[in-house]
Every structure is written in structure tokens, then in C-alpha cells.
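What follows is calculated from the coordinates using simple rules that are stated; it is not laboratory data. These figures come from a predicted structure and were not determined experimentally. Because the Cβ atoms are built from the backbone with ideal geometry, glycine has one as well, and the counts that use them run over all protein chains shown.
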Amino acid sequence: MKVSTLLTGALASLTAAQSPAPYTDAKSGITFSTFQHSSGLFFGLALPTNNTGNTDFIATVGGKGTGWSGSVLSSFRKAAQYGSPAVTTGTFSQSPIANGTYVNSTHWTYTFLCQKCIQSDGTTFKTTDQTANIGYAVNANAPSQKTNVASTVTKHSDAGQVEFDLSQAKSDKFDTWKAYAAPKTAHSFQA
Ligand code: HEM
């Protein structure tokens, strides 16, 4: 085989997009359609089977436990320009799911219920959509103020969009999982 063929093969495998695939969290038992980023970070999405009129989803974010992961802080942000997006508020809220939020020997993960987060006016995907393109951004640099949920963040070292087949995120166990969420809205959470 020629060297050029080998190189092309290696590049193709490096740049191949990874489609979200089912992943069940061992502690919470929640099954997510999960995007696995090459950095080891992941994002999973769960929806109810009957999605008509639903505005809520459950999500999990996490990463490998090979380095040091500190506290998990979460906030809603809205970008007005190419720059660190400001904290935003609205009717939407976020509640941690305790049995899906932990650190173990292989990874850390934060699981939450996002209520009124699906906005069918086109701000997000629509409940009737077959697929949703969800953007992500990652950077190994810490936020400038690590314990401040409103901290500025550095521009991503990698960003992109992932297509989720929403049918693969749906489960008839959604209401059971939703009941795991803490009753009060939390804007920050420490793992
Ligand atoms: C610190 C502030 C940020 C700056 C200065 C910034 C800047 C930019 C710029 C200039 C681009 C165009 C492509 C490039 O030049 O890389 C871009 C793309 C993008 N950014 Fe940001 N960004 C910031 C934060 C964020 C955050 C917090 C997110 C959260 C999801 C995000 C998500 C994206 C996505 C999804 C794209 C498009 C990638 C694609 O589809 O090709 N960015 N950003």
C-alpha cells in the first residue's frame, strides 16, 4: 500500500463525525442519545415518547476522569456577538438529577432536567422535528472565575454542530426519570 493511501485513511478516520448513540448511565439508569466528543467529553439527550406539546428534556454532560475535574457550574447563556455569552434568564429552568451527578474512577457527569427549554417558536428544535442540530463548544482552559456561574469563558478550541435523531432520544420512562430531579430550580451545582 502506498504511503499516501495510508495517510488518507488515517485522516478520514480522524475527521469522521461521530453520530450520537444510546448510552445508559449506570447509576441513574437513564438512557440518553449521546454524542461522544474526541476530547472525552460527552453530551446526552433524553425525551419523552410522546413529545407533542412537551417542553422539557433531560440532559447529561460529562468527561473522563483521567485528569482533575473540579466543581460543575451551570448557567444559561445567550450570545449577542462573537464573544463570551452573558447569563440569560427566562421561564426556562434547570434542576440537577442527583443520582446522575457524580464522579467515579472513570468519569464525572452532571445530569439535569431542563424545563421549558424546548421552545417551538424556532429558538430551539421543535417537538415535532425528526432531528435536531445541537451546537457545542469545548476548551480545556478554565473560566476566568472558576466558582462564578457568570464567569466569562474563553473561545472554544473546538466547536461544531451534531445532528440528533430525536426518535433515538425518546423513552417511555421519561416521567420516572423526570421525577428524580430536585424540586427547586438550581442555577449552579457542585459535584
Ligand atoms: C468566548 C467566546 C466565544 C467566541 C469569541 C466565539 C467565537 C466564534 C467564532 C469566531 C466562530 C466562527 C468560527 C471560528 O472562527 O471558529 C464561532 C463558531 C461557533 N461557536 Fe463560538 N465563540 C464563543 C463562545 C461560544 C460558546 C460558549 C458556544 C456554546 C455552544 C459557541 C458555539 C459555537 C458554535 C456551535 C460555532 C459554529 C461551529 C460550526 O458549526 O461550524 N461559541 N464562535
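So here's what we get for this one:
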| read-out | value |
| --- | --- |
| Failed item in (1) touching a residue at least 60 places away in the same chain (Cβ under 8 Å); (2) out of contact with any strand residue (DSSP E or B) (no Cβ under 8 Å at 6 or more places or on another chain); (3) not aromatic (Phe, Trp, Tyr), with Lys116 passing the rest | (2) |
| Residue count, segment 73-91 (criterion: within 16 Å of the ligand (Cβ to nearest atom) and outside any strand (DSSP E or B)) | 12 |
| Tally, over segment 124-154, of residues that are closer than 15 Å to Lys78 by Cα, near the ligand (Cβ under 10 Å from one of its atoms), touching a residue at least 40 places away in the same chain (Cβ under 8 Å) and touching a strand residue (DSSP E or B) at 6+ places or on another chain (Cβ under 8 Å) | 2 |
